[in-house]
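Worksheet: one structure, shown below.
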Amino acid sequence: MSSRIWPIMRKEFLEIWRDPRNLGFVLVMPVLMLLLYGYGISSDVKWVPLAVYDRDGRSPARELVRRFTSTEYFVVTAQVGSLREFRRAIDTGQAKVGLVIPEDFSQNLAAGRPAPIQFVVDGSDSNTASIAVGNIAAIGKSTELTPRDLRPQILVAPKLETPVPIELRTWVWYNPELKSSNFLIPGLTAVILMMLAAMLTSLTVAREWERGTMEGLIASPLRPHELMIGKILPYVVIGLVDVVFILLVAVFLFRVPMRGSLTLLMISSTIFLLGGLGIGLFISAATKSVQVAFQLSTLATMLPALLLSGFFYPIENMPPILQAITYLVPARYFLVVIRGIFLKGVGLAVFWKELVFLSVFAVFMLVASSAKFRKRLE
Amino acid sequence: MNSELAIEVTDITKRFGRFVAVDRVSFQVRRGEVFGFLGPNGSGKSTTIRMLCGILLPTAGTGRVAGFDVARQPERVRENIGYMSQKFSLYEELTVQENLDFFAGIYGLAGPGGAARREEVMALGGLASYRNVLARDLPGGLRQRLALASAILHRPSVLFLDEPTAGVDPISRRQFWDLIRAMAAAGTAVLVTTHYMDEAEHCHALAFIYQGRLIATGPPARLKAGLQGSLVEVEVEPGQLLPALTVLQTHPLAREAAMFGAALHVTVDSSEAIPTLQASLTARGIAARRVETIVPSLEDVFVSLVTREVGA
Ligand SMILES: Nc1ncnc2c1ncn2[C@@H]1O[C@H](COP(=O)(O)OP(=O)(O)OP(=O)(O)O)[C@@H](O)[C@H]1O
Ligand SMILES: [Mg+2]
């Protein structure tokens with residue numbers, strides 16, 4: 001390591017340390033965000049009023065409804081007999097969620113065919129709605145009626161090994177109690193880390209431009225890569241401290257199970273952080289203004305990490321174009337990794353591909369921003 | 001390579017899009033020389049310095065600094081120069097000592113030798129008793145000295161100072177110039193820009209730059225001697241300054257006339273024109289309190305050069 005990197009790191013730490021705003025930003029904000037969003041979003045939405053339009057009416061259909069209403073998440077407030085009544089129940093707010101079971105549901109199930117059911121969710125309260133959708137998906141999964149689950153006198157399945165799927169595509173595994181915080185906290189961690197990493201680096205470089213200190217550095221024998229490494233390393237350290245903070249909050253406050261390897265979590269987080277720091281450097285090579293850097297880095301990281309990572313909306317439910325875009329969102333891969341480590345306790349064998357992508361992304365971003373930075377000097 | 005020449009600039013040009021910020025500028029600075037760069041706002045002083053420091057790439061022309069080509073060997077150039085930009089370029093959240101440590105670090109001056117050098121520049125800038133003060137809290141004059149101290153830590157053979165004394169009180173300015181002259185005496189070449197004409201008098205050589213072009217170079221004395229004709233200062237009642245200026249500017253014997261503080265400066269072919277000028281003013285009802293030839297200042301030289309440039 002070049003001897004010029006160390007003075008830059010030292011200076012960077014001193015600047016962070018001296019400015020209390022930085023310290024708050026770096027250490028308090030992530031935990032605060034986790035608490036705010038964590039409690040805000042994950043306060044489990046219970047007793048959602050459900051309208052049921054059962055056009056089948058046979059026993060498997062009633063069993064299905066019972067599966068949903070036996071949880072504390074849904075309560076039937078309307079049993080309707082026509083599409084018009086169904087509509088009115090939703091429109092008037094009598095029910096937030098409606099379930100339509102088609103006439104051939106039992107027959108499909110019996111024949112081993114996919115048996116689609118339809119949920120209608122009142123989206124006007126998006127928070128409740130998105131959580132309700134998650135809950136539906138979760139229950140749908142656990143309700144995947146295998147022939148063995150069903151009373152033999154009602155259904156005779158043709159093939160005993162294969163489960164008969166109910167057509168609901170979002171499945172929840174390893175979270176049988178359906179605690180949404182188990183799901184949301186790892187996702188939030190990805191969002192917070194990505195945003196923090198990009199923001200911190202883009203701000204530290206933009207500040208050098210804005211204050212005029214960058215000119216002095218360019219006129220010195222300092223090489224671009226030395227400057228970049230010296231600026232990135234302190235934030236890797238800080239990012240990892242944040243990971244530990246977040247981990248503590250997640251495990252002790254939100255009671256998210258941590259089933260996997262801590263080492264693997266730290267290594268994956270480092271790789272993910274490097275990508276975020278790379279985004280930050282790339283942004284700072286494009287603007288000399290602190291304010292623009294702030295806005296760009298939020299825009300470039302928070303929105304994709306929130307909306308396109310599979311955190312809020314299941315990727316499978318997105319239009320194909322958006323689905324294609326999600327492949328470029330690092331948070332999508334990190335989500336697989338971090339949920340895997342937290343909830344499933346799985347390791348590299350399961351998500352090595354995701355880690356490879358994250359590494360490639362980090363290297364690409366760092367090289368690209370280094371090149372862009374060099375060009376910047378005209 | 002001429003080892004006496006610290007800076008050698010030939011037809012250096014910088015365009016930003018279609019705008020020509022620096023237009024075929026050529027000059028030379030010898031070792032141990034203080035070279036002053038004078039010009040109004042936006043004339044291209046900083047842009048020229050940035051090109052010579054390897055911060056901006058010249059669009060055309062060449063610049064050699066400490067024997068290295070600024071476009072082709074920018075890294076070698078950077079090792080041999082000290083640069084003080086026109087913006088305060090230190091870390092405000094760091095103390096005097098920490099700032100110096102930082103610059104020592106990036107110039108590879110760690111270790112005991114470096115520590116001694118840090119103490120040396122700290123003493124030179126009179127900063128020793130402020131070593132634990134945050135740069136943010138330093139008064140203006142000391143900030144500039146700290147910036148200079150950081151720029152000379154690595155004993156550069158060429159020093160670029162872009163408006164080093166802007167906004168600094170007169171006593172601090174004088175101290176600062178003592179430092180500059182001492183360094184030049186020790187063999188450093190110094191290229192300095194300033195808006196203060198009195199500071200320009202301290203330079204060994206000057207270059208006037210106007211709208212990106214060099215309009216005159218030379219030692220201050222020769223520039224002043226080069227002003228053709230005599231310079232006449234006219235003092236009138238404050239309320240009559242503008243009418244008097246109009247009269248003098250259109251006067252057949254006056255080559256140039258310009259406002260100069262509370263007085264007017266008129267360039268004439270010889271001092272014999274004075275009675276005629278006075279008569280013309282009286283004819284318009286303007287009472288001149290004083291009309292006499294004076295020794296031109298650098299500002300007169302500059303105004304005269306610019307007027308000629310604009311007229312051409
Ligand atoms: N990066 C840039 N892009 C476009 N125009 C620029 C750029 N840098 C400088 N200029 C323009 O070039 C001209 C010369 O600027 P420069 O900063 O060299 O002037 P200066 O002589 O240093 O002025 P001052 O005394 O105000 O510092 C100005 O008109 C300025 O607007
Ligand atoms: Mg300037």
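The values are calculated or read from the model by the stated rules, or taken from the named source; none is laboratory data. Quick caveat, the model's predicted, so the values are computed rather than measured. Glycine gets a Cβ as well: all are built from the backbone with ideal geometry, and neighbour counts include every protein chain shown.
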Going residue by residue through the range B:18-30, is there one that turns out to be among the acidic types (Asp, Glu), over 15 Å from the mean Cα position of the chain (by Cα) and within 22 Å of B:MET183 (Cα to Cα)? no
Picked from the range A:36-64 (must be assigned to a helix (DSSP H, G or I) and modelled with pLDDT under 80), the residue farthest from the other protein chains (Cβ to nearest Cβ) is A:SER42
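Given B:VAL291, B:VAL306, B:VAL301, which one is assigned to a helix (DSSP H, G or I) and touching a helix residue (DSSP H, G or I) at 6+ places or on another chain (Cβ under 7 Å)?
Details: B:VAL291 fails: assigned to a helix (DSSP H, G or I); B:VAL306 fails: touching a helix residue (DSSP H, G or I) at 6+ places or on another chain (Cβ under 7 Å).
One residue alone meets the criteria, B:VAL301.
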*asked:* So for the range B:2-10 (the condition being surrounded by 23 or more Cβ atoms within 10 Å (Cβ to Cβ) and within 13 Å of ligand 1 (Cβ to nearest atom)), does at least one residue qualify?
replied: no
For B:VAL65, the lone unmet condition from (1) within 16 Å of ligand 1 (Cβ to nearest atom); (2) in contact with a strand residue (DSSP E or B) (Cβ under 6 Å, 6 or more places away or on another chain); (3) not polar (S, T, N, Q) is (1)
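Condition check ((1) more than 9 Å from chain A (Cβ to nearest Cβ); (2) of a type outside the set (Val, Ile, Thr); (3) out of contact with any strand residue (DSSP E or B) (no Cβ under 7 Å at 6 or more places or on another chain)) across all residues:
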site	(1), (2), (3)
B:GLU79	no, yes, yes
B:VAL96	yes, no, yes
B:PHE103	no, yes, yes
B:ILE106	no, no, yes
Original post:
Would the range A:228-244 turn up any residue that is within 30 Å of B:VAL70 (Cβ to Cβ), within 14 Å of another protein chain (Cβ to nearest Cβ), of a type in the set (Val, Ile, Thr) and buried (at least 17 other Cβ atoms within 10 Å of the Cβ)?
Top reply: yes
Counted residues in the range B:243-276 being loosely packed, with under 13 Cβ neighbours inside 10 Å and within 29 Å of the chain's Cα centre (by Cα) come to 2
Checked B:LEU90, B:LEU142 against criteria (crowded, with 18+ Cβ neighbours inside 10 Å, out of contact with any Pro (no Cβ under 9 Å at 6 or more places or on another chain), touching a residue at least 12 places away in the same chain (Cβ under 8 Å) and within 12 Å of chain A (Cβ to nearest Cβ)); the one match is B:LEU90
Here the residues within the range A:356-371 that are touching a Leu at 6+ places or on another chain (Cβ under 7 Å) and more than 16 Å from A:ALA300 (Cβ to Cβ) are none
Taking the range B:31-54 and the residues there that are near ligand 1 (Cβ under 10 Å from one of its atoms) and within 13 Å of chain A (Cβ to nearest Cβ), the one that is farthest from the chain's Cα centre (by Cα) would be B:MET51
Quick check: is even one residue across the range B:44-61 part of a strand (DSSP E or B) and buried (at least 21 other Cβ atoms within 10 Å of the Cβ)? no
Scanning the range B:285-300 for residues that are at positive phi and within 30 Å of the chain's Cα centre (by Cα) gives none
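Is it the case that B:LEU305 is among the aliphatic types (A, V, I, L, M) and assigned by TED's automatic domain parsing to the domain that holds B:GLY36? Spell out the reasoning first.
Numbers: among the aliphatic types (A, V, I, L, M): yes; assigned by TED's automatic domain parsing to the domain that holds B:GLY36: no.
In short, no.
Would you point out the residue of the range B:48-80, among those that are polar (S, T, N, Q) and in contact (Cβ under 8 Å) with a residue 40 or more places away in the chain, that is nearest to ligand 2 (Cβ to nearest atom)?
B:THR48
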Filter pass, B:MET84 being closer than 25 Å to B:ASN99 by Cβ and either within 16 Å of ligand 2 (Cβ to nearest atom) or more than 8 Å from every other protein chain (Cβ to nearest Cβ) (or both): yes
